[in-house]
Each structure stands twice: as structure tokens, then as C-alpha cells.
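The values are calculated or read from the model by the stated rules, or taken from the named source; none is laboratory data. The structure displayed is predicted, hence computed values, not measured ones. Every residue, glycine as well, gets a Cβ built from its backbone with ideal geometry; the counts of neighbours run over all protein chains shown. Side chains included, ligands, DNA and RNA excluded: accessible areas come from the protein's heavy atoms. Shrake-Rupley method; radii C 1.70, N 1.55, O 1.52, S 1.80 Å.
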Number of protein chains: 6
Amino acid sequence: MIYLTRRERFSAAHRMFRPELTDKENMIIYGKCSNPLWHGHNYVLKVTVKGEPDTDTGYFMNATRLRDIITERIIVKLDHKNMNVETDFMAGKVATTENLAMAIWGELEAPLAEEGATLHCIRIEETENNYVEYYG
Amino acid sequence: MIYLTRRERFSAAHRMFRPELTDKENMIIYGKCSNPLWHGHNYVLKVTVKGEPDTDTGYFMNATRLRDIITERIIVKLDHKNMNVETDFMAGKVATTENLAMAIWGELEAPLAEEGATLHCIRIEETENNYVEYYG
Amino acid sequence: MIYLTRRERFSAAHRMFRPELTDKENMIIYGKCSNPLWHGHNYVLKVTVKGEPDTDTGYFMNATRLRDIITERIIVKLDHKNMNVETDFMAGKVATTENLAMAIWGELEAPLAEEGATLHCIRIEETENNYVEYYG
Amino acid sequence: MIYLTRRERFSAAHRMFRPELTDKENMIIYGKCSNPLWHGHNYVLKVTVKGEPDTDTGYFMNATRLRDIITERIIVKLDHKNMNVETDFMAGKVATTENLAMAIWGELEAPLAEEGATLHCIRIEETENNYVEYYG
Amino acid sequence: MIYLTRRERFSAAHRMFRPELTDKENMIIYGKCSNPLWHGHNYVLKVTVKGEPDTDTGYFMNATRLRDIITERIIVKLDHKNMNVETDFMAGKVATTENLAMAIWGELEAPLAEEGATLHCIRIEETENNYVEYYG
Amino acid sequence: MIYLTRRERFSAAHRMFRPELTDKENMIIYGKCSNPLWHGHNYVLKVTVKGEPDTDTGYFMNATRLRDIITERIIVKLDHKNMNVETDFMAGKVATTENLAMAIWGELEAPLAEEGATLHCIRIEETENNYVEYYG
């Protein structure tokens, strides 16, 4: 079994808040990340898939194909977007990195399976000091 | 003459647009960076000052003091903020990295001179692939 | 289950040696790392915790709280310190990165559990070419 | 159990192709990576070994010894070489990163076991956006 | 005056050698970099241009336009290529990083001037430990 | 004129203090950097030389030769050392990064000139957030 990881990047605006709470209540829970006027990040996304390399080709999934699927399914919906407002798979969710990782897993699992690859890990780095990982 | 550089970071939302133009016109000039719903970045700011090290202390400006001035004058006004709406020194300016660098120069030159340091360069990295430098 | 990692840094002096051995014997085992006059590193510490995100808040532990616990329990005892002499949880231990990782685990496991987070991994990068990981 | 990772680098030429296919057929499978005139990369190799630290020395394998074994067995055969033509352990294999990782595992497992270390992972980063991992 | 830098990458094969010399003589001058079977690198190219930002738009050259010019003129001729054999602007030159930087300057100076930007610096990083800069 | 930069690293212990002052007075000037029990860093040293490339060889100084001179003159005296006590060219100086940069300039200028290279810049990165540059 080989694990293949592709790194992509997107720059997005977001804020963390629960709509049923006041700004003051959200500030207590999420701090400056709940700023109602938004803030943003250069997010780094690492998608890891696993599979048995084909003995003829020497791989189980072409890295270029992996890049294209991530771009089409995820990056075009997040890059230079407001993820709270514009990203369909984040609708109705608090825009934490944790929820984002789980939502991206949901978007990628099936299309990657169609390529014969098993999704192994979604990793999102929000800043150079924080990242989350989700393994399904 | 010694050059001392301090690196700081801030995560902000912004959009590039000119208010006298339509969204369509702004899209032609600024592309996806003019998204009316905002986007954001992890900006890296590098401030370089120069001076003659004191022969007794071995430096001309304490790096901790440099950090504090950058934080008080710049970072608190940009980090987890919407720079178009909330950052006083960007009011009325197009939120390009070029304008941001020149505005930060304007904010830092005098307070650094009071410390005996000459501001040499403001460098802002918007993504890992783009940065601007301003030397006054 | 989500894995959340926080990266912190500390700059410390140390030497690797066993007090019951001579400097010459320590040099055979630890090489230049046993220099009796000390040397030092910019250490990078990555602490990974795991948990089930709360469906209301979208996380299981606030990254800021994680940072504060690491700072209070670990960083203040190591940053700009001599870890052999000044760091209580390294007393009587050879100052290898391996022992440091296990000692930091011991310091963090209980206070993180009090926050509802399960400690998953302590990773310490001593240089850009060497790191150790400990999973308890 | 402690996991120790050593990072090494090598700069090599390669191409991905199957000799029984035409250049055109290889181009369909491998794209520009099958260029018959070669291309190359700065590869990053991370070798992770695991073991129980000795209570006297505070480690289970000296990082310098780990570096030397990787250098002697792997780096001298790849650095500034054409891996398709000159690297004995890649002979007859398609020069994918996946095959390279499995071949390096084969070269390192036994000599590391002789040192009392268990090989845990071979990770190869071909570019800043792609890497593979092999766990045996 | 503002300085704008764009970072691009290319993976290429090369060797350093002078055709009028024997392999042995080339080995004395260029060492392992003269390997007749080639080797390669992930090169990082940083192109810096300078200009006066337009007071209306807030920039003097669109970073996307800069990226496109570098890609069309330089990257397509070097990425996944053998620069000694396939790159027209390196024909007849020893493939040192120094010569590469000067040749790229020659390719970019005029097309950038047509955009109203003055080429300031070509920087090429061959490995993480070596880079050259050329200012014309 | 081409500028060639070589990056090297060393891990050293140091403290900043003036021997004629008390520990308390040094603490006021240098803060935690004056800890009498030492601390340390992974320093990054970048040495930039300039020259006219030879039209035959395509360079003015071999990067390997540059590496060797830096190693012999600087790195062996600093790596895994206490720079206050063990580094001859720092004797009697406050161990600030500023003084270190100027001292390294003094050690390298003449031997590089013997190779036909003009020393242009000494850059020392003490942490990922601070660096100094000296141009003679």
C-alpha cells in the first residue's frame, strides 16, 4: 500500500459564528475569529489517498488526476471566496477548520473512489501554527 | 551599518476594487481579487531597519522593541480584520499589496526614527508566490 | 475524530551526557552534542490532540486554549533556558530529544484531558533534518 | 516506542516510461514526465525508524548513524545521478516516486534492523506539492 | 517605486560541461555536476520588476500578467525539459545557474518593458543551499 | 556582475551580556537573552559573494569552494559550540547577532578575495522571525 499526498492552496474569507447567538456571545466562544466583518487565510490543503501501485505503470493514481479532482471539487469553490456565504458544502455549518476538513472529505471520497483510490486523510493548515487532520 | 529585519504575520480579509467602478469593471481590472464578498490571506510582513550598532550594547535597536512597535502600530489594526473597512490607514485606498506596503511605511517611519532606527524596507508577502517591497 | 495540531517554538541550550561517565566517554556516545560548554537549538514542538468536534461549536478544543496550555506548562520552562539545569521535568534525564518528547508528554497529558482533549502525539524537531515523535 | 526521522536530499534526473511502449504511448500515461531527454528534481527523503530508547543513553539509534546508513546505501546512488540508468536498485523498474519509495525500503530495512532499529516509513517528496509514503 | 516579485518553479535536467573538454577535464572543473548521464533539480525562479504604482489602480503591473509572461517565455521551455538540449536560450552555453540567470534576463527584459515594468532582478535557487541573483 | 549565495547552518549556545554589568543590569538591556545559564539557536548563515562569471566556465566561483571556505573558517568554530567561550573571533564581544555578522565578515573577506570573489553580504537568521544583514 502506497500513500500519495497532493498539496493545494486557497485564499478565502471566513468568520466563525453561530447565527443563533449574538456577536458578543460568539466573541466569547470564537474570539477575534468571529469578527462580523470577516477575516481570511491562505489555507493549505493536503489530500492523502492510498492504493496498491499497478505493477505495469508503477502507480495507483496519477498525481495530475488527483490535482484536477481537488481543483474542480474543492479549490474553485473556496479560492478567493467567502466560505460562509459562497461555498455550497459549508452552507449551514460553522466555518471552523474542523468542519471544513470533514466537509471536504464528504466531497472527495466518492469521486476518488471512482478513480480506484481510497481517501485516507484531509489535512488543512490554517496558519503556520495550526492544522487539523481528518481520517474519516 | 547593520540591517535588522523583523517578521510578523496577520490574517486579514480584503478585496481590490475602486468604488467609482461597477463590479464588472472591477472584475476586468482585478479579477477574482475583486470578489464583492471578500477573500483573505495570511500576510507576512517583514520590516527592515538600519543603524550603527552601539559599541557597548552590540546593537542599534532591540528586536523586541521593534516587534512591539510593529504590533502596536500595524498588526492590531490588520490581524483578523477587514482591511478595507476596519484599518484606518487604508481608508480610501485600493487594498492592493502595493498600497498596503506604502501605507505601513507611513505608519512606521516616524515611530522607528524616535527609537534611533532608520526604516529601510517594508516587504509584504501575500502568498508564497507574490511579494512586494517598498524602500520609501 | 479530528486531530488538531499546534506548533510552538523554543530556543534552549543543552548537552547530552551521562554524569557517571567522563567527558571522553560521553564524547564517544554523543559526539559533539556532549560539549561540556553547551550548545543549543531552535526547537519546534508540535502537539497533536484528538477529539470529537461538538456539533454546536464545530470544534472539540479551542486552538488558543491549546496554545496557552503548551505555553504555560512547557514553553516558559524551556525557552531561553538551559534544559539540563533549569527545566524541572528534565531533571536527572539525559537531554536527548527522545527523552524530551516523553517528558513533555508527561507534563501535558493530564491538563489536556481536563479540557476534554486526548493527547495523541508529541513531535520535536531539533534541526531541519531530525525530528522525533512520541505517541504515549 | 519513539519514532525518529532523518531528512536527506538528492538531486537526480529521471523519466517515467515503460520500455515496451512507444514514446507516444508513454506520453499518454505519464505526460511530460516521460520526456525521452529526461528531467529532474531535488528529492527530499525522510526515513522514519522506531524503537524503545535505552534508559541509559536516552535513545535507541544515534541520528548520525542513521544519516550515515542512508547516505551510504541510498544518497550516493541517487545524488547527481540518472536514476533510470545508474541506480542499481531501480534497474528494470518504472522510475515513479512510488516505486522509488518501495525500492529504498528494500535497501534500508535489513541494515537498519542490524542497528536495532525498525524501519517504519519511507517518505519521498518529489516537489513541494507531491509526496508519497510507504510503510512496508 | 515599488518592487514586485513573482515566484515560479520548474523541474529540469542538466549537466555542466564544456564540449571542447573531456569528461575527465569537466569532472575536475564541475565535479559531479558534469555527470554525462545528467542530473536535475527543482529550480525556484524569482522575477522582480519595479515601477510606480498607478494612483487609480494601486499597482503598476498585474501579478497575474507577470506570471503569464514568465510562464510563456521561460517555464514552458524549462519545466520537465533537458535545459542543455531543449531550451533555445541556453543553446551553446554552459548550463550553470549563473548563465541561466543571465539568459532568463535576456528573455524577459523586453516583454516586461512592453508592459511598463522595469526588470530588476532574476534570482534562481538551484537547491535550498545555493542561489544566484542577476541585476542586469 | 552575478551574486552567489551559500546557505549554511550552525547550532550554538550563547548569552548576551556585558561583563562589567551585573546580571540584573544585563537583564534590563538584553532580557531573557542574558540568561547566565545560556540558551541557544539553530543559526542560518547566508554568505553572498559577487563577481563576473568567466565566459569559459560560466561562473566566477565554485559553490563547493565557497561552502568549504565557510565551513573551515566559520562553521567549525560555531557549530555545537558556546560562541561566547569557544569562538575565537567573538572573544571580548557581546554575542549579539549584529556583532556576529560583522565578525564573520572580518573572517571571510580576505580568504574570499584570494579566490577572486568579492564578499557582498553576511546574513544571519537567529530565529524564523529575526535576521540581520551586514554589507561591510
### Task
For the stretch E:1-78, with all protein chains present and a 1.4 Å probe, just round the carbon and sulfur fraction of the accessible area to a whole percent.
53 percent
### Query
Taking a label point 7 Å from Cα toward Cβ, how far is C:LYS32 from its twins in the other copies, in nm, shortest first?
2.0, 2.7, 4.0, 4.0, 4.6
### Query
Rolling a 1.4 angstrom probe over the protein heavy atoms, how many square angstrom per residue are accessible across the stretch D:24-136?
40 Å²
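Would you kindly calculate the translational diffusion coefficient of the stretch F:67-123, applying Stokes-Einstein with the Kirkwood radius from alpha carbon pairs, for 25 °C and a viscosity of 0.890 mPa s, and quote it in µm² s⁻¹ without decimals?
Numbers: Rh = 11.8 Å.
Rounded to a whole number, D works out at 208 µm²/s.
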### Task
Any chance you could look up the accessible area of B:ARG9 with a 1.4 Å probe, heavy atoms only, rounded to 10 Å²?
90 Å²
### Query
Distance in nm between label sites at F:GLU25 and A:TRP105, each 7 Å beyond Cα in the beta-carbon direction?
6.1 nm
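Take every Cα pair under 8 Å in the stretch C:43-107 that's 6+ residues apart, average their separations, divide by the length, and report that relative contact order as a whole percent. Intermediate results must be reported in sequence, preceding the final value.
Working: 31 pairs, mean separation 11.5, N = 65.
Relative CO of the stretch C:43-107 lands at 18 percent.
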#### Entry: Alpha-carbon centroid distance for the pair the stretch E:98-136 / the stretch B:89-114, whole angstrom
29 Å
### Query
Among B:LYS77/F:LYS50; B:LYS24/B:LYS93; D:LYS81/E:LYS46; A:LYS46/B:LYS32; B:LYS32/E:LYS50; D:LYS32/E:LYS93, which pairs are too far apart, with a Cα-Cα distance over 31 Å?
B:LYS77/F:LYS50
### Query
Excluding A:ASN84 itself, what net charge comes from residues whose Cβ is under 11 Å from its Cβ, given Lys and Arg +1 and Asp and Glu -1?
+2
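Could you work out the relative contact order of chain A? I mean the mean sequence separation of Cα pairs under 8 Å and 6+ apart, divided by the number of residues, in percent. The partial results should precede the final answer.
Working: 243 pairs, mean separation 40.3, N = 136.
The normalised contact order for chain A reaches 30 percent.
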### Query
What are the ³J(HN,Hα) values, in whole Hz, obtained from phi via the Karplus relation 6.51 cos²θ - 1.76 cosθ + 1.60 with θ = phi - 60°, for each residue of the stretch B:3-10 in sequence order, with x given for Gly and Pro?
10, 10, 10, 10, 9, 10, 9, 8
### Query
Can you list, shortest first and in nm, the gaps between the label point of F:GLY106 and those of its counterparts in the other copies, using a point 7 Å from Cα in the C-beta direction?
4.4, 4.4, 4.6, 5.7, 6.6
## Note on the structure
If the chain between B:ARG18 and B:ARG73 were fully extended at 0.36 nm per residue, the gain over the current Cα-Cα distance would be 17.2 nm
### Query
With a Cα-only, solvent-free Debye model of the stretch F:2-134, what are the log10 I(q)/I(0) values at q = 0.09, 0.12, 0.22 Å⁻¹?
-0.29, -0.49, -1.30
#### Entry: Area accessible to solvent at F:TRP38, 1.4 Å probe radius, in Å²
50 Å²
## Note on the structure
Whole-number value, in Å³ per residue, for the convex hull of the alpha carbons of the protein assembly as shown is 172 Å³
### Query
How much accessible area is lost when chains A and C come together, counting both sides, with a 1.4 Å probe, in Å² rounded to the nearest 100?
1500 Å²
### Message
I need the inter-copy label distances for D:MET1: point set 7 Å along Cα to C-beta, values in nm with one decimal, smallest first.
### Response
1.4, 1.4, 5.8, 5.8, 6.0
### Task
State the residue of chain D whose Cβ is nearest the axis carrying D onto E, and the distance in whole angstrom.
D:GLY40, 0
### Message
Please compute the Kirkwood hydrodynamic radius over the stretch B:22-92, one decimal place, Å, based on all pairs of different Cα atoms.
### Response
15.4 Å
